[in-house]
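The values are calculated or read from the model by the stated rules, or taken from the named source; none is laboratory data. Worth saying up front: this structure is predicted, and the values here are computed from it rather than measured. Glycine also receives a Cβ, built like all others from the backbone with ideal geometry; neighbour counts cover every protein chain displayed. Keep in mind that these areas ignore ligands, DNA and RNA; they rest on the heavy atoms of the full protein, side chains included. Shrake-Rupley method; radii C 1.70, N 1.55, O 1.52, S 1.80 Å.
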Amino acid sequence: MPRSRPAAPAAADPVGALVDRLERAVVASPRRRAEIAREVEGDLREAVADRVAAGAPEPVAAAEAVAEFGDPRAIAAELSRELLAAHGRRFAPLAALGAVVLLAAWFAGMTSLSAVPGFGVPVEAGWMLQVSRALDVAGPFVAAAALAGWVALRRAGSLAALVAVAALQLVFAVALVAGAIAMVAAVAVPPSGTGMLVALVALTLLVGSALAAAAAAVLVRWGAVRLAPRRALG
């Protein structure tokens, strides 16, 4: 008795395969990737339906629509760059605002603490004064750089400007957070100034940590964008 032959596998869906590769390669949040995938798939399915209505067999119509769409690696890379630039246009002004808030808080806080009798920096912690002066100079520069990066992003979508802004913000925020922690451990503060110090350190830890995390996320995402074409090969 002849053996029955296994059924041939169903024809692959070229539209679904392309959309899957594109969705996996785009660097964005899961929600945004899903939105892009739905939009692209809807356009492709519509293009296939138009070709079928014109008389083309569905497999041929699907293959033609996929070929006309282009290389998903290049398209995913371009979409990733555009999405990152759009994110950068939101990040840069917020980063500048965060730097200004921290500078203003430290200026007001240290001015108030300096007026408290008994407040002072020990001789062995004199390095903190040098670091403080350096941050006083760096802070306005970091804020100005963030605004300049925002302008560059709006005009040309420059990812190089975004990376520079994020790197400066990361270094500045980490330095401020570390300085605040070191100050708590090294500076003698009389009871009348404890509340001011606690508020200053708490604000620095909150805003500085948020700035550092946001800047680090931008840099990580930029690295992923650089690898986006390779991801589409998987």
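Remarks
- Listed by first and then second residue, the pairs linking a residue in the range 162-190 that is closer than 17 Å to Gly109 by Cα to a residue that is open to solvent by less than 10 Å² (accessible area, probe 1.4 Å) and polar (S, T, N, Q), with Cβ atoms under 9 Å apart and 6 or more places separating them unless they lie on different chains, are Leu176/Thr204; Val177/Thr204; Gly179/Thr204; Ala180/Thr204; Ile181/Thr204.
Every residue, every condition in (1) modelled with pLDDT of 95 or more; (2) closer than 28 Å to Asp136 by Cβ; (3) of a type in the set (S, T, N, Q); (4) open to solvent by 20 Å² or more (accessible area, probe 1.4 Å), yes or no:
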residue	(1), (2), (3), (4)
Asp20	no, no, no, yes
Pro30	no, no, no, yes
Ala62	no, no, no, no
Phe69	no, no, no, yes
Leu97	no, yes, no, yes
Val100	no, yes, no, yes
Gly109	no, yes, no, no
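- Residue ID - modelled with the lowest pLDDT, chosen from residues in the range 116-159 that are more than 30 Å from Ala92 (Cα to Cα) and open to solvent by 80 Å² or more (accessible area, probe 1.4 Å): Val123
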